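Data first, discussion second: the structure below is written as structure tokens.
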């Protein structure tokens, strides 16, 4: 019980079986997985390893077909569609590979979006909260820029601000550096580490070994099983790497 | 979500696609505009017909011959003419509700005089006729009691006759021949225009009925008797009174049917209004079809928009929008679009009926109720045709929607 209280994430024998008519695909084969508050975990694995499925379940976008998933002590698989939506809104911040910002919509309006769906009634001054979140990721001067007017790194930082703005227990990042060049990738990772230093739990899904070295813990999946789960004793600091970074090609930020 | 936020989100997304939104709204704009113009024309036509009926005279009552009835077989209206000048006299002398009574002995004939000849209706009437028909004399005078008593051969010309026989000059004092009988022209009537059925009321010559009966028609019976009351509320009582007097005058026993018909103006008006109502309904039906087409246009675009914005819906669902939030967003979008289209349509309808009224001379009137009905209807179109696409959006799976390319 003690364990259950402090763990942000706990799955017990989580299984996911896709019924494809004739064949049944077992994407997750009974995963036991716990993440404590303040951890920064990289989930690795080749495509088809089940990492996307795990990610969807952890993000309350999907439910396990067997086993249990507790998020902040709440048993997720018993919840209704609307309750899942509310949990995604209040407890989880998503960062996607393709940024997934609304086009032709200003940065601040994009960041404000999750607050508009908030049902707790506590987040009143949504515009101000959104501006503060953008300032936190270093884009306080780009409030009214639309995604098309921002560089890839800046767009991803807007997405991170959108994930942060609801003050979630967990930030779930799915290949957050997949569309970025290497220097911008390190910049985004520096931002994640900074947020993690402030106590926010972060889960990164990636297939790049380089990226995973910035996490405190690496979990590797294959064929629906966890095959590696180890703490990284001496993880790399992105902020330090940035100082000595030798660019192959420098992205010009506009 | 608060409704103000919903409307804000919907308006933003409409403004993001200005051209497409405008084209989508076009169906509703044209539909609502057409409905308003059609209704305006219909109502204009009705008030015009009302005016024309009023131009027949105020509080007019028409007494016409009834049907013959031999052995239970009715011959239909007018088959048995027993109206006489005596009936008219009796009505004038005995009635308390009627303010004027005049026989109307109509005969058509060739008129010679002035610049040539003309064929017109010659109406033998009494002096009350001018009052009953509310008809002004613009030149000369109407005939009086002494003209009537002495069977004087005097005539008052309608405007059409005057224009044709005496173009550009005042016919008063001149002489015309009606069926070879010379008549002195003593007056010209003001223009009255056409009746609802298109008859030119000004193509007429009025003369004392006494003169017409003795000199022209020679018939004892009168085709119809016109009467009027001083105020409209007396009409019904007057009709009952007329029936009683007429039955007495014709010596009808209790079991016998009336051998005459008494009608008032509102009977005539109803017939005419019925026709325009059918016209208005027809036009309205056509306009409604274009509203329907407009609604289908909205549904079409909303469906395309749901597909096009699948990713956006995925993002919204992922960051915590409930299905109902997405449903409401798309529904509000379609309602805002159709109401906006409706509002533009109302403005165009106003402008259109004004221009049409100016260009064609038709009178067009727009009642405030039309506007509310049009707005309500376009909102209903928005809900009805927006519901299916909105529902489609709200049941999307967030994972599939996010992955959608």
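The value given for the range A:128-233 is a Kirkwood hydrodynamic radius of 14.8 Å, derived from the mean inverse Cα-Cα separation.
Per the helix-only calculation at 222 nm, which mean residue ellipticity applies to chain B, given -39500 (n - 2.57) for every DSSP H run of n ≥ 4 and division by its residues, nearest 500 deg cm²/dmol? Don't jump to the answer; show the numbers that get you there.
Working: 12 runs with 218 residues, N = 405.
After summing the helix terms and dividing by residue count, I get -18500 deg cm²/dmol.
Mean-square fluctuations from a GNM of chain B, with a 10 angstrom spring cutoff on Cα atoms, peak among B:332, B:161, B:395 at B:395. In terms of the Cα gyration tensor, with a ≥ b ≥ c the square roots of its eigenvalues, is chain B rounded because a/c is under 1.5, prolate because a/b exceeds b/c, or oblate? Prolate is the answer for chain B, as a/c is 1.5 or above and a/b outweighs b/c.
Principal axis extents of the Cα atoms in the protein assembly as shown, from largest to smallest and rounded to whole angstrom, are 136, 58, 45. Within the listed set B:130, B:254, B:220, the Gaussian network model of chain B (springs between alpha-carbon atoms below 10 Å) gives the highest mean-square fluctuation for B:254.
Would you mind telling me the antiparallel percentage of the DSSP bridges in the protein assembly as shown, rounded to 5? Intermediate values should be presented prior to the final figure.
Values: 65 of 91 bridges.
Roughly 70 percent of the DSSP beta bridges within the protein assembly as shown come out antiparallel.
Here the range B:258-405 has an Rg and Dmax of 23.4, 88 Å, counting Cα atoms alone. Overall dimensions of the range A:1-92, expressed as equivalent-ellipsoid semi-axes from the Cα gyration tensor (√(5λ), whole Å, largest first), are 22, 16, 12.
Pull up the DSSP beta bridges for the range B:81-258 and report the antiparallel fraction as a percent, rounded to 5.
Numbers: 29 of 38 bridges.
Approximately 75 percent, going by the DSSP bridge assignments.
Rounded to the nearest 5, what % of DSSP beta bridges with both residues in chain A are antiparallel?
Within chain A, antiparallel bridges account for around 60 percent of the total.
If you average 1/r across every pair of different Cα atoms in the range A:16-60 and take the reciprocal, what Kirkwood value do you get, in Å? Final number for the Kirkwood radius of the range A:16-60 is 12.1 Å. For chain A, take the longest principal axis of its alpha carbons; what is the angle in degrees between that and the long axis of helix A:107-116, to the nearest 10 within 0 to 90? Tilt of helix A:107-116: around 40 degrees.
Sorting B:363, B:4 on the 10 Å Cβ count, fewest up front, what's the list?
Details: B:363 15, B:4 8.
By the 10 Å Cβ count, ascending, the order reads B:4, B:363.
Which shape class, rounded, prolate or oblate, goes with the range B:81-258 when its Cα gyration tensor gives a ≥ b ≥ c as root eigenvalues, a/c under 1.5 marks rounded, and past that a/b bigger than b/c marks prolate? Because a/c hits 1.5 or more and a/b exceeds b/c, the range B:81-258 counts as prolate.
Averaged across the residues of B:310-316, what count of C-beta atoms belonging to other chains lies within 10 Å of each residue's C-beta?
Details: counts 0, 4, 5, 0, 3, 11, 6.
Average neighbour count from other chains, rounded to a whole number: 4.
Computed from Cα positions, the angle between helix B:368-394 and the longest principal axis of chain B comes to roughly 30 degrees.
Percent relative contact order of chain B, based on C-alpha pairs within less than 8 angstrom and at least six residues apart? Show your work: numbers first, answer last.
Numbers: 739 pairs, mean separation 115.3, N = 405.
Worked out over chain B, it gives 28 percent.
Taking the 0 to 90 degree range and rounding to the nearest ten, how far is the long axis of helix A:152-164 tilted relative to the main principal axis of chain A, both from C-alpha atoms? Rounded to the nearest ten degrees, it is 60. All Cα-Cα distances of the range A:7-243, cut into 10 Å bins from zero to the largest, leave 8, 32, 36, 20, 4, 0 percent in each bin in turn.
With a ≥ b ≥ c taken as the square roots of the eigenvalues of the C-alpha gyration tensor of the range A:99-151, please select rounded if a/c is under 1.5 and otherwise prolate if a/b is larger than b/c or oblate if it is not? Numbers along the way, then the final one.
Details: a/c = 2.58, a/b = 1.55, b/c = 1.66.
Verdict is oblate for the range A:99-151.
Using Cα pairs closer than 8 Å and at least 6 residues apart in sequence, work out the relative contact order for the range B:81-258, in percent. Mind showing how you got there, number by number?
Details: 355 pairs, mean separation 58.1, N = 178.
For the range B:81-258, the relative contact order is 33 percent.
For chain A, relative contact order (Cα pairs under 8 Å, six or more residues apart, normalised by length) works out to 26 percent.
Across all C-alpha atoms in the range A:38-174, the radius of gyration and Dmax reach 15.6, 47 Å.
Let me have the 222 nm mean residue ellipticity of chain A computed from DSSP H runs of 4+ only, each contributing -39500 (n - 2.57), with the sum over all residues rounded to the nearest 500.
-9500 deg cm²/dmol
Here, each number is a calculation from the coordinates, and none is a lab measurement. All values reported here derive from a predicted model rather than from experimental measurement. Because the Cβ atoms are built from the backbone with ideal geometry, glycine has one as well, and the counts that use them run over all protein chains shown.
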